[in-house]
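The values are calculated or read from the model by the stated rules, or taken from the named source; none is laboratory data. Since the model is a prediction, treat every value here as computed from it, not as a measurement. Note that each Cβ is placed from the backbone with ideal geometry, even for glycine, and that neighbours are counted across all protein chains shown. Side chains are part of the model used for accessible areas, which takes the heavy atoms of the whole protein and leaves out ligands, DNA and RNA. Shrake-Rupley method; radii C 1.70, N 1.55, O 1.52, S 1.80 Å.
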Amino acid sequence: MSGAGAVPEVPLGRLPFVDGVLSAQQVADTAAAIAAMQEPWGAVPWTTGEHVDIWNHVEAAMAMLVGGQVAAAERAYDWVPTMQRADGSWPMKIVNGEPEDVRGEVNMSAYFAVGLWHHWLLRRDIRFIERHWPSVRAGLDFVVSLQEPFGGIRWTPVDDFCLLTGNSSIYHSLRAGVALADLMDDPQPEWELAGGRLGHAVRVHADRFADKSSYSMDWYYPVLGGAVRGEAARALIARRWDDFVVPGLGIHCVDTNPWVTGAETCELAMALDVIGDHERALRLLTDMQHLREDDGRYWTGWVYDDPARRADGEPRDVHWPVEHTTYTAAAVILAVDALGETYGRSTPGSGIMRGTSLAPHFEELALECECAASTSGERLSR
């Protein structure tokens, strides 16, 4: 069921909410709105008629589970292994159940670990974990096989660069993978070594990743993914706050355009929650609610009127693209769950981005990066 008044498969009293922002019923409506766009075989596209990628698909499954759409979420998870290839990877883009871009993207191939660990936190269904563990294991084996000497992980087997946003997310996925390995009593020491090298690369060698600094994700993802913590995280967030944050609206997707996007805004809110900056996180979650429809769907973004950036003929004060996206709705639900611990109610999976239930941060390794810094001086601030 979609639309306002959706009935979740778990009691409303177990769904998260944030006082004054979104109620448990509104969270249920948004989860139902995601489920309404799910394809018959379980895949969750960006929006109806669009392509599927495994990262955003898993994020949607996590959100549906939080919002009480249990059957839809588990159908989504059960679909994931059906698209996995023999090398452990997944196609970058899938349309109507068929690969469109066949490249194996590392961030997407890693993220199933986060989704499966999140399912464990909410459902405690060991049989479900056992069924999907081989797929997670193969996916992370593929990912770490593409690690470069400086510690970064190549975007795909056929591309020779590494992306900071994706690598920051992979750090998070490796911690989830090691937590699952402990649960399965199937140790994966090579993931821990890869995680140590990767964390060092994100913290110390950000300049060796492809330059995507115009994107807000490259700004906050080292914090959201967990590689950067403590004072270093607070300094990183402060560095470009004014470039990306638009008070009252949300945050820019890119620093060149007067365009705020809901998913990035909610992810930044979760990054702030990670470092204990709850007030600004709450403000961002509140600000982006102008993208919400009454039935629980969310517009992707809003192009606002900025005279300093105005170009002739470009529309202003409009939703763009003209679409409601599952990944935006998913980010909202996960942000509500994270902030519900402080401002309302949360689920047992609310700390998934904070990493409180994951494997410990990896021991920092600088093996082949020719780094002059002493690793003992570069350890993670916990």
Q. Residue check, residue 329 against (1) in contact with a Lys or Arg (Cβ under 7 Å, 6 or more places away or on another chain); (2) open to solvent by 10 Å² or more (accessible area, probe 1.4 Å), all met but one. Which one?
A. (2)
Q) Any idea how many residues of the stretch 272-314 are part of a helix (DSSP H, G or I) and more than 14 Å from residue 250 (Cα to Cα)? A) 7
Q.
Please determine whether any residue of the stretch 6-21 is assigned to a helix (DSSP H, G or I), touching a His at 6+ places or on another chain (Cβ under 9 Å) and small (Gly, Ala, Ser).
A. no
Q.
Out of the helices (runs of 4 or more DSSP H) lying entirely within the stretch 40-156, which hold 3 or more residues that are crowded, with 24+ Cβ neighbours inside 10 Å, in contact (Cβ under 8 Å) with a residue 40 or more places away in the chain and within 18 Å of the chain's Cα centre (by Cα)?
A. 54-66, 106-110, 112-123, 126-144
Q | Extreme residue, farthest from residue 350 (Cα to Cα), among residues of the stretch 229-284 that are β-branched (Val, Ile, Thr) and open to solvent by 10 Å² or more (accessible area, probe 1.4 Å) | A | 256
(Q) Let me confirm something: among 211, 218, 207, which residue is on the phi < 0 side of the Ramachandran plot, free of Cβ contacts under 8 Å to residues at least 60 places away in the same chain, of a type outside the set (S, T, N, Q) and not in a helix (DSSP H, G or I)? (A) 211
Q | Lone unmet requirement of (1) over 30 Å from residue 95 (Cβ atoms); (2) open to solvent by less than 10 Å² (accessible area, probe 1.4 Å) for residue 29 | A | (1)
Q. Does residue 179 qualify as being in a helix (DSSP H, G or I), farther than 17 Å from residue 108 by Cβ, in contact with a Cys (Cβ under 9 Å, 6 or more places away or on another chain) and hydrophobic (A, V, I, L, M, F, W, C)?
A. no
